[in-house]
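What follows is calculated from the coordinates using simple rules that are stated; it is not laboratory data. The structure displayed is predicted, hence computed values, not measured ones. No Cβ is skipped: glycine too gets one built from the backbone with ideal geometry, and neighbour counts run over all protein chains shown.
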Amino acid sequence: MSDKTNQQTDFPIADGGPRVRAVPDGDNLERLMCPDCGFVNYENPKIVVGTVASWGDEILLCRRNIAPRRGYWTIPAGYMELNETVEDGARREAMEEANAAIDLQAVLAIYNIPRISQVQIIYKGRLATPDYSPGPESQEVALFAWDEIPWDDLAFPSVHWALNHFREVRARDAFPPFSNPAGDDGSYPE
């Protein structure tokens, strides 16, 4: 094993690195391992954080300027960064995608999307001010009344879920978080 370590992770840097799939001792799943030093490269789900943010009776949506689903509407959401809290991630995503400051109220939902190895933590929130504009990941940003939401142009199944769950608890401050609708894993219809 090398005396060098990766500065970001403090993991040893082996000469060949993780390149063999095997089941580590004490585990039951095949993992990518380094045969030289035994380092195990665990691959874990990605965490997405976001917010259904309202201003009065309207909901903030962003038209995506990036893949996947470029040109479709979504709530401000994205992957958490290292060393970031869930709350800070949700606020950062609203700022990055909509130049919007938001006040988080409560966890609205925790969705499991196993087909793409994601866990999505979505908040119920409010815009702190009515100021917003497209960030680099958005083509446009707008507030929508419920009956104006572009339902056929929403980017992902979980956006549908979050908007409908938000509507159920819009007037409430306390509620248990929602999860996937029964039997729905977030797969697109065939």
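Out of all DSSP beta bridges with both ends in the range 46-169, state the antiparallel percent to the nearest 5.
Numbers: 23 of 33 bridges.
Here the share of antiparallel DSSP bridges comes out near 70 percent.
Could you work out how far helix 86-98 tilts from the main Cα principal axis of the chain, as a 0 to 90 degree angle to the nearest 10?
The answer is roughly 60 degrees.
When the scattering of the range 43-118 is computed by the Debye formula from its Cα atoms alone, each counted once and equally, what is log10 I(q)/I(0) at q = 0.20, 0.25 Å⁻¹?
Rounded to two decimals, the profile gives -0.96, -1.36.
Evaluate the Debye formula for the range 83-155 with equal point scatterers sitting on the alpha carbons, no solvent, and hand back log10 of I(q)/I(0) at q = 0.13 Å⁻¹, in q order, two decimals.
Values returned for q = 0.13 Å⁻¹ are -0.46.
At 222 nm, what value in deg cm²/dmol follows for the chain if DSSP H runs of at least 4 each add -39500 (n - 2.57) and the sum is divided by all its residues, to the nearest 500? Mind showing how you got there, number by number?
Values: 2 runs with 26 residues, N = 190.
Helices in the chain give a 222 nm mean residue ellipticity of -4500 deg cm²/dmol.
If amide hydrogens are placed 1.01 Å from N in the peptide plane, which non-local residues have theirs closer than 5 Å to the one on N99?
Answer set, sorted by chain and number: S133, G135.
With 10 angstrom as the radius, rank E140, E58 by how many other C-beta atoms surround their C-beta, starting from the fewest. The partial results should precede the final answer.
Values: E140 13, E58 17.
Exposure proxy ranking, most exposed first: E140, E58.
Provide the three semi-axes, in whole Å and in decreasing order, of the ellipsoid equivalent to the chain as defined by the square roots of 5 times the Cα gyration tensor eigenvalues.
Working: eigenvalues 276, 69, 49 Å².
Taking √(5λ) for each Cα gyration eigenvalue gives 37, 19, 16 Å.
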